[in-house]
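Please read the structure below before turning to the comments.
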Amino acid sequence: METKYEVIWSKESKRQFNQIVNYLRAEWTEKEVIKFVDKLKEFEKVVCLFPELYADSNKKPEFRRAVITKHNSVIYKIDEGKGLIRVYTIFDNRQSPNKLK
């Protein structure tokens, strides 16, 4: 199956990714880091083929929320005109959804 979209990660999402990886390395093991990275890679593969698979976010309907782990979700927007999936942040599910801007 051919990929329909390209995933673009924002500076904020990259910063969140680095924070999560640093936390996992400090508090857990490299095994958890690898599992987290693998889940994000799987998200990229799936969302490129089926961008509307994940539910609309509760905050704004133009954004979608993909639950990656029980603790983390990816918030993204589909840019059909440019063939892009724009990832805005990786959100900690334990926080209040009101913290999403």
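What the table below lists for this structure:
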read-out: Pair E32, R94: separation of 7 Å Cα→Cβ label points (nm); value: 1.0
read-out: Burial order of peptide ranges 61-73, 15-27 (average beta-carbon count within 10 Å, highest first); value: 61-73, 15-27
read-out: Nearest-ten-degree value, helix 11-27 long axis tilted from longest Cα axis of the chain; value: 30
read-out: Using alpha-carbon coordinates, inclination of helix 30-49 to the longest axis of the chain, degrees; value: 0
read-out: Diffusion coefficient, µm² s⁻¹, Stokes-Einstein with Kirkwood Rh over alpha-carbon pairs of the chain at 10 °C and 1.306 mPa s; value: 113
read-out: Cβ-defined net charge surrounding Y23, 11 Å radius [Lys, Arg +1; Asp, Glu -1]; value: -2
read-out: Fraction of antiparallel bridges per DSSP, the chain only, in percent to nearest 5; value: 80
read-out: Cross-link reach list, lysines versus K39, counting only Cα pairs under 23 Å and skipping chain neighbours closer than eight places; value: K4, K11, K14, K31, K70, K77
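FYI, it's all coordinate maths here, none of it is from the lab. For clarity, every value in this text was computed on a predicted model and none was experimentally measured. A quick note on method: Cβ atoms are made from the backbone with ideal geometry, for glycine too, and the neighbour counts reach across all protein chains shown.
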